[in-house]
Amino acid sequence: PPVVSLPGPVTQEATGPTGAAVTYPPATATDNVDGPLAPTCSPAPGTLFPLGDTTVTCSAQDSSGNSGSASFIVTVEDTTGPALAGLTDLGVEAQDADGAVVSYTPTATDLVDGTRPVSCSPSSGSTFPIGPATTVTCTSADTRGNEMTGTFEVTVADTTAPVLTVPAAISLEASGPEGAVVSYSATASDAVDGTVTPVCSSLSGSTFPVGVTTVECTATDAHGNAASDKFDVAVVDTTAPALTIPADIIA
């Protein structure tokens, strides 16, 4: 019979859940009488091979009807972990002094197993602190233990100024030549720092001169975010002089 010569064992990575189409090197055959012959192999090159080992048998027959055959193994394996997606750096505004609750939904898809679960640390829905970026590490594995890991960063920042409340315009009668003592209340509240004390250009309880004085107030939080507003204080003189005259005079 002819002598069939084979390629060595063939290993190929799976391209999907059904395995992979494998094109292996051609087998050859030589016969003492007929010389070179073309063997026939089954499964043929380009056939879809399933995951695992498949035996390929190649046969050749000479002109006298003598047949020779030999076999080799094609192995389709899965050594590739799932592909991770959605690992995008996030910038989030602080919600309070603790930082912000941040949610995210990375996904993973495996060529063989399809959609796979993803585990992240810190997990989605965790509270992230204000300040330097926190690295989130996400991992997914397929059913054959191939694992893929990726990371992204979550940065929580405080860029929101306090909410500043100033009084409406104030009008007050002068109580003396210097004007009048005016008291007012300006307040500020910040999502992160809580109560913030505003700084105003004219202090509450100070003496305001006759006329209109514009009071400018600014509230600044611990991260340098500032809010400003202003209001007018009008000190007016609408009171006539106190006139004193003598009693009736009889002369």
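Set the Förster radius R0 to 30 Å, insert the Cβ-Cβ distance between residue 133 and residue 197 as r into 1/(1 + (r/R0)^6), and round the FRET efficiency to 0.05.
Details: r = 31 Å, r/R0 = 1.04.
It comes out at approximately 0.45.
Our coupling estimate for region 43-57, obtained by passing each phi through the Karplus curve with A = 6.51, B = -1.76, C = 1.60 and θ = phi - 60°, is x, 6, x, x, 5, 6, 9, x, 4, x, 9, 10, 8, 9, 10 Hz, Gly and Pro reported as x. The coefficient of translational diffusion for region 122-226, derived via Stokes-Einstein from the alpha carbon Kirkwood radius under 25 °C and 0.890 mPa s, stands at 134 µm²/s. I'm spelling it out carefully: the read-out is semi-axes √(5λ) of the Cα gyration tensor in Å, the candidates are (1) 96, 13, 10; (2) 31, 23, 17; (3) 39, 20, 14, and one was derived from this structure. Which label? Recomputing semi-axes √(5λ) of the Cα gyration tensor in Å here gives the entry labelled (1).
Residues of region 168-183 falling in the label zone of residue 238, defined by backbone nitrogen less than 11 Å from a point 7 Å along Cα to beta-carbon, are 171-174. Against the compact-protein benchmark of 2.2 N^0.38 Å, the Cα-based radius of gyration of region 70-161 scales to 1.50.
Scanning residues 5 or more positions from residue 47 or on other chains, those with amide H under 5 Å from its amide H are 22, with H placed 1.01 Å from N in the peptide plane.
Based on Cβ point charges of +1 for Lys and Arg and -1 for Asp and Glu, what charge dipole magnitude is obtained for the chain about its Cα centre, in debye rounded to the nearest 20?
Working: 3 positive and 27 negative charges, 104 e Å.
Here the chain has a charge dipole of around 500 debye.
Across all directions, the average projected area of the convex hull around the alpha carbons of region 43-89 is 5.0 nm².
The separation of region 89-113 from region 1-57, counted between C-alpha centres, amounts to 48 Å.
Note down the nm distance, to one decimal, between modelled labels 7 Å out along Cα→Cβ at residue 93 and at residue 223. The modelled label-to-label distance comes out at 1.0 nm. Proximity of backbone amide H atoms, modeled 1.01 Å from N, is registered between residue 29 and 5, 37 at under 5 Å, excluding neighbours fewer than 5 places apart on the same chain.
State the extension gain, in nm to one decimal, for the chain segment bounded by residue 143 and residue 124, taking 0.36 nm per residue of separation less the distance between their alpha-carbons.
Numbers: separation 19, 0.36 × 19 = 6.84 nm, distance 2.36 nm.
Extra length from residue 143 to residue 124 when fully extended: 4.5 nm.
A short reminder: the numbers here are calculations on the coordinates, not readings from a lab. Here the structure is a predicted model, which is why all the values come from computation and not from measurement. We place every Cβ from the backbone using ideal geometry, glycine too, and count neighbours over all the protein chains shown.
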